[in-house]
Amino acid sequence: MPVLGVTLLIAFTSCTDALEPQPLQYKEDPNFAPPHIEAEWNLEEIGSDLANDNVYAYKDKLYNDLFTRTLGWNGGDGVLTVGLPGGNILWTFNDSFYGTVDGETRTRIGGKSSFPRNSIMVQDNEIGTPGEDDLHWMADWIQTDRPGDGTLAGNKLQLIWMGVNTPAGTSYMINKNAALAVYSLDGRPGDPGYMKLESVDHNWIPDNPYGYGSTLLECGDGHLYLYSSTGNGQWLGNDPIVARTKGQDLTSGLEYYLPDEEGEMGWQDGYPSQLQVQNAGIAPGQGSMTMPWVFEKDGMYYMLAQSFPFGRELNILRSENPWGPFTDKQMLLSFPDTLDELQGDKFGKKYGNLYMLNYHPALSRDGEIVISTNTDPKDTDDDGNKITEFGSFGAFARNWNYAGSADWYRPFFYRIYKWERVWK
């Protein structure tokens, strides 16, 4: 089942001297030059029927092909990245599929596949033209909790792992505790000691139902900002929220941006109550959103977020502060109910949910926004009839033995250039 609200970001920024955004011109402006695109990047432009008229948006066929696999890891959602020293990139995945895929029909082969939950991969530093030899799959580090975001502390990686639970009688997942794991970055990807687990604090946040730490912003004001979006089925909608570290790394303690008794927002110690969180949204009046990713450029802070629930829109908002309020929402991309990358007999057919629109700054070449999407199978067949043949497994069983099944639960990638022009 897809899990809402898990993400990542590393950004070294200044949190002061916010700049007033300048008005921008329409894309038809003759001075609005298209971005420089190298042929080897294998980008395919997205038309204005799906992309905002004022940006240049592309499907990233290079990375799509890299994750179109027939052996070993061949699918996973919750796709997060962290930039590592030397230009390397850490990839973490939630629910993952391993095994054999038919190369022609893109079918995951039942009996030759497994579902070991979460996994980790490190990409070596050939970022411009990555290939299979650059990917180091660390099967020994498969986890049973889902990953949150991560950050660097010296030559160590601090990575948040989230426990999840499905309450009895429900079909949705909620966050439980958050653990903080520390990994060594000594050596190079592929070395025996690289990404060695040095310590783990399973009670870093003993009870974290609101998922703080799903995404991170490393800010030059001496704090790390921990974002999430929450609702968890307990109230209508899904609202971006934020906490921050008291010092410069994740071991320094946390404070939460919450309303006081008079409704004034401020930083408070102590994990919030449900009532506090319900009124702690940092994008008021902007609609229900999930997957908040915050980054900085030229003193302004920008939030990427998907419309909730399972909305087809990737939105962008802006603020003078990393804690908001984020306003001026604009749509960057709108996704159809089919993805034309899907191959085999499933080409052009509808998926179930679009979810986990994740931001990947470590993949950016020239300041463009890089995102990935995930989809899962529909719970109805192609004629609209409810799938009942698999009992409680429902549509999930279509991840095996169906033509094209290996193109569900895997990432597809997109790049958006000139994104600042969405505000005319």
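The values are calculated or read from the model by the stated rules, or taken from the named source; none is laboratory data. The structure displayed is predicted, hence computed values, not measured ones. Using ideal geometry, Cβ is built from the backbone for each residue, glycine included, and neighbour counts are taken over all protein chains shown. For the accessible areas, the whole protein counts, side chains as well, though only heavy atoms, and no ligand, DNA or RNA atoms are used. Shrake-Rupley method; radii C 1.70, N 1.55, O 1.52, S 1.80 Å.
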**Q.** J(HN,Hα) series, region 254-264, from Karplus relation 6.51 cos²θ - 1.76 cosθ + 1.60, nearest Hz, glycine and proline x
**A.** 10, 9, 10, 8, 9, x, 8, 5, 8, x, 7
Q. Which lysines have a Cα less than 20 Å from the Cα of K246, not counting those fewer than 8 places away in the same chain?
A. K156
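Which order do peptides 46-57, 181-192 fall in by mean Cβ count within 10 Å, highest first?
On the way: 46-57: 17.2, 181-192: 15.1.
Top of the packing list down: 46-57, 181-192.
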Q.
Counting heavy atoms of the protein chains only and a 1.4 Å probe, report the per residue accessible area for region 239-308 as a whole number of Å².
A. 40
**Q.** Alpha-carbon centroid distance for the pair region 67-90 / region 173-209, whole angstrom
**A.** 17
Q. On the accessible surface of region 243-301, probed at 1.4 Å, how many percent belong to carbon and sulfur atoms?
A. 42
Q: Pick out, from G222, G253, N238, the residue whose Cα sits farthest towards the positive end of the charge dipole of region 203-324, with +1 on the Cβ of Lys and Arg and -1 on the Cβ of Asp and Glu.
A: N238
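Roughly how many Å² is the accessible area per residue of region 157-204, as a whole number, for a 1.4 Å probe?
On the way: 2230 Å² over 48 residues.
With all protein chains present, region 157-204 gives 47 Å² per residue.
Of K349/K418; K329/K424; K176/K386, which sit over 23 Å apart, Cα to Cα? Don't jump to the answer; show the numbers that get you there.
Numbers: K349/K418 31 Å; K329/K424 12 Å; K176/K386 32 Å.
Distance filter (> 23 Å) returns K349/K418; K176/K386.
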Q | Solvent-accessible area, 1.4 Å probe, carbon plus sulfur percent, for region 176-242 | A | 49
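Assign one of three labels to region 264-334, namely rounded, prolate or oblate, based on the Cα gyration tensor with a ≥ b ≥ c the square roots of its eigenvalues; rounded applies when a/c is under 1.5, prolate when it is not and a/b is larger than b/c, and oblate otherwise. Each step should come with its number before you reach the end.
Working: a/c = 2.36, a/b = 1.32, b/c = 1.78.
The shape class here is oblate.
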